[in-house]
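Here, each number is a calculation from the coordinates, and none is a lab measurement. Please read these numbers as outputs of a predicted model, since none were measured by experiment. Quick reminder, even Gly has a Cβ in these numbers, built from the backbone with ideal geometry, and neighbours come from all protein chains shown.
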Amino acid sequence: MSSSSQSSSILQRARDICFGPSRDPLNPDTRRHIALIAFFAWIGLGADGLSSAAYGPELGYLALGAHARFGVYLALATAVTVFIISLAYNQVIELFPSGGGGYKVASQLIGPKAGLVSGAALIVDYVLTISISIASAADQLFSLLPLGAQNFKIMVGVALIILLIFLNLRGLKEAIKTLLPIFLGFVILHIILIFYGIIAHADRLPSLLPDTWNETLTLKAETGWFFVISTLMLAYSQGGGTYTGLEAVSNNVNTLAEPRVRTGKWTMFYMACSLAFTAGGILLLYMLWDAKPVAGETLNAVVFKSILDTWTLGGIPWTTFMLPIAMLFTAGLLFVAANTGFLGGPAVLANMSMDQWVPNQFGSLSNRLVTKNGVLLMGLAALAVLVWSRGEVELLAVLYSINVFLTFSLSLLGLCIYWLRERRRERKWLRRFTLSAVGFSVTASILAILLVEKFEHGAWETVLITGAVVALCWFIRKHYDQTRDQLKKVEEIFSGQSYDTLDKPPVIDRDAPTAIFMVSRNRGAGMHTLLWVQRLFPGNFKNFVFLSVGAVDTASYSAEGEIEKLQKEVKATMDYFVNFCHHHGIAAKSYESYGTDRVDELTKLVDQVTVEFPNSVFFASKLIFVHDNWWTRWLHNQTSLTMQRILHLRGQQMVILPMKIG
């Protein structure tokens with residue numbers, strides 16, 4: 001074995017140890033293995049919403065200021081709104097069982113431009129999911145430490161994000177199984193604390209509603225209903241981060257176990273129940289236990305400490321050992337929630353790459369069937385946001401909530417439009433339209449309040465960042481549209497020609513000079529290369545061999561039957577090239593392969609054909625733009641250049657023929 005082969009083998013073994021061995025995307029058991037049942041989906045996708053109970057209720061409660069009793073309204077509104085949005089998003093799961101969530105809803109039910117805005121908001125939202133969850137996790141941990149330790153929070157946050165990147169590169173289900181004990185520990189502990197905290201002060205419950213209503217009437221008499229309602233709505237919108245995570249299920253339906261729609265609805269039900277109970281319960285605890293802010297501690301830490309001080313074991317307060325456990329589980333769940341950004345963000349990028357709003361590379365899967373490029377982008381962007389914001393949860397919550405409710409509003413508006421269109425064909429359209437309209441009015445109101453009230457405290461940064469993402473995606477799509485139009489013109493030249501299989505095709509001479517073409521499903525580009533070889537080397541090559549790799553990406557792996565469709569398309573293209581050569585008296589043969597990495601699969605095909613055709617030269621095409629720059633090179637796959645470098649290092653010949661694009 002050569003030294004280069006040994007090095008490659010050692011590197012492959014190291015990758016398998018770190019990230020796990022490759023998975024075969026063509027094996028039907030593979031998808032069943034990585035698909036999530038409702039329980040695992042609740043953990044992997046629902047942790048985002050559930051964990052926001054660590055900071056959403058606190059932000060809303062503190063925004064009430066001197067009117068803390070209004071927390072009753074917030075608790076009720078939170079529970080009701082969560083279920084309204086969840087039920088509305090069940091419709092999204094039904095209409096889009098292959099996933100895509102808010103992006104696909106806005107794109108297909110409103111229009112591509114609305115889809116672009118929704119997709120851009122989701123990308124920023126999932127980056128902020130990671131940043132705010134990690135920042136809040138650090139707050140929970142450092143609530144147990146002296147104030148002087150606060151300077152190390154950012155360093156801890158950076159380390160946690162790097163760890164999550166590593167876990168997600170191994171695969172979705174592996175990450176969830178690793179985090180399962182943390183999730184269950186948080187749920188069980190919070191159920192105990194909330195139930196005990198409410199029961200311990202149950203004597204205050206009968207007077208809570210009357211006292212709240214009397215305070216409401218008093219404030220109304222002093223300031224008017226407008227001030228009362230605006231106070232509630234501002235606090236309500238401040239705690240808007242509580243509703244996050246509901247989008248994640250509809251966005252990742254394609255990762256769920258069959259039947260997907262049913263699994264998705266059960267997952268949404270688990271999320272809604274756990275989120276409504278936890279967020280509403282914590283708000284009640286704040287009021288019943290008169291929680292007050294303490295420097296360097298979260299409000300949850302304050303109220304849990306008050307509860308645990310009433311428990312003793314051998315004369316020792318349970319606070320000594322139970323509070324650290326509670327904060328560790330809360331921080332742990334926030335860590336799990338940050339993982340949602342690594343699930344949802346790459347999924348949105350993959351869906352947008354299908355529509356060419358973002359580079360095609362974001363639709364690619366790694367050998368672990370993970371959208372590796374999306375995971376890396378989400379992680380690096382989250383690191384940048386965490387450092388820039390210095391981990392300030394209040395600022396991140398504003399940035400976060402605006403994008404969350406922008407996506408919610410566009411999705412629910414799309415559903416309203418859809419049910420109005422379908423009113424003559426759908427018997428239950430009015431009920432579904434009403435649910436969507438109520439949800440839209442709630443989310444749009446919160447969005448408007450946040451933009452107005454918080455414009456100088458984070459809202460303008462959100463508008464700027466999301467707007468910049470929209471503009472970048474727009475330029476990318478414009479470039480791809482222009483390129484596609486150019487390639488379509490070449491494709492049309494050959495699209496009307498068909499060649500039947502000959503009964504007696506020319507016989508291949510394996511020792512004769514052979515031209516080996518690396519082609520894609522674009523017949524125009526392949527024919528361009530073939531004709532150039534005939535023109536440059538007339539009569540030199542006696543055999544033409546075609547190699548093609550069907551890349552299994554998120555588009556082909558998102559639904560049943562898509563891989564079979566991919567295989568048929570690749571086979572049809574290869575048959576076209578071979579039959580074309582046969583009809584022109586040239587001996588020809590084709591080889592095809594399927595996998596997540598074009599270069600790896602092409603390298604395997606090269607190893608195979610060079611044994612069969614020792615006297616061969618490889619050919620491929622490369623798009624050359626009139627205004628070639630780093631931008632165009634970044635947006636297009638560089639497979640041909642990579643393969644040329646690999647073959648040249650092996651001492652084999654490969655020629656890249658330019659295909660000029662205006």
TODO: Anything over 27 Å Cα to Cα? Flag those among K104/K489; K104/K622; K454/K478; K372/K478; K542/K571, in the order listed.
DONE: K104/K489; K104/K622; K454/K478
Open item on the list: Pairs of alpha-carbon atoms within less than 8 angstrom and 6+ residues apart define the contacts here; what relative contact order does the stretch 568-641 have, in percent?
Closed with: 19 percent
Task: Calculated P(r) tail over 18 Å for the stretch 321-363, as whole % of Cα pairs - done: 50 percent
TODO: Over all directions, average the projected area of the Cα convex hull of the stretch 397-546 and note it in nm².
DONE: 17.6 nm²
TODO: Take each of the peptides 581-591, 421-431, 375-385, average the number of other beta-carbon atoms within 10 Å over its residues, and list them starting from the highest.
DONE: 375-385, 581-591, 421-431
- [ ] Could you calculate the contour length gain from V387 to E592, that is, 0.36 nm times the residue separation minus the distance between their Cα atoms, to one decimal place in nm?
- [x] 69.2 nm
TODO: May I ask you to evaluate 6.51 cos²θ - 1.76 cosθ + 1.60, the Karplus curve with θ = phi - 60°, for each residue of the stretch 430-438 and list the ³J(HN,Hα) values in order in whole Hz, giving x for glycine and proline?
DONE: 5, 5, 6, 5, 4, 4, 5, 5, 4
- [ ] Order the peptides 182-192, 498-508, 516-526, 125-135 from the highest to the lowest mean number of other Cβ atoms within 10 Å of their residues.
- [x] 125-135, 516-526, 182-192, 498-508
- [ ] Project the alpha carbons of the stretch 266-354 onto their principal axes and report the range along each, largest first, in whole Å.
- [x] 62, 27, 22
Open item on the list: Give me the one-decimal nm value for the distance between modelled label points at I198 and L144, 7 Å along each residue's Cα-to-Cβ direction.
Closed with: 2.7 nm
Task: Rel. contact order, % - alpha carbon contacts under 8 angstrom, at least six apart, the stretch 497-649 - done: 32 percent
TODO: Just order 47-60, 194-207, 435-448 by mean Cβ neighbour count inside 10 Å, highest at the front, would you?
DONE: 47-60, 435-448, 194-207
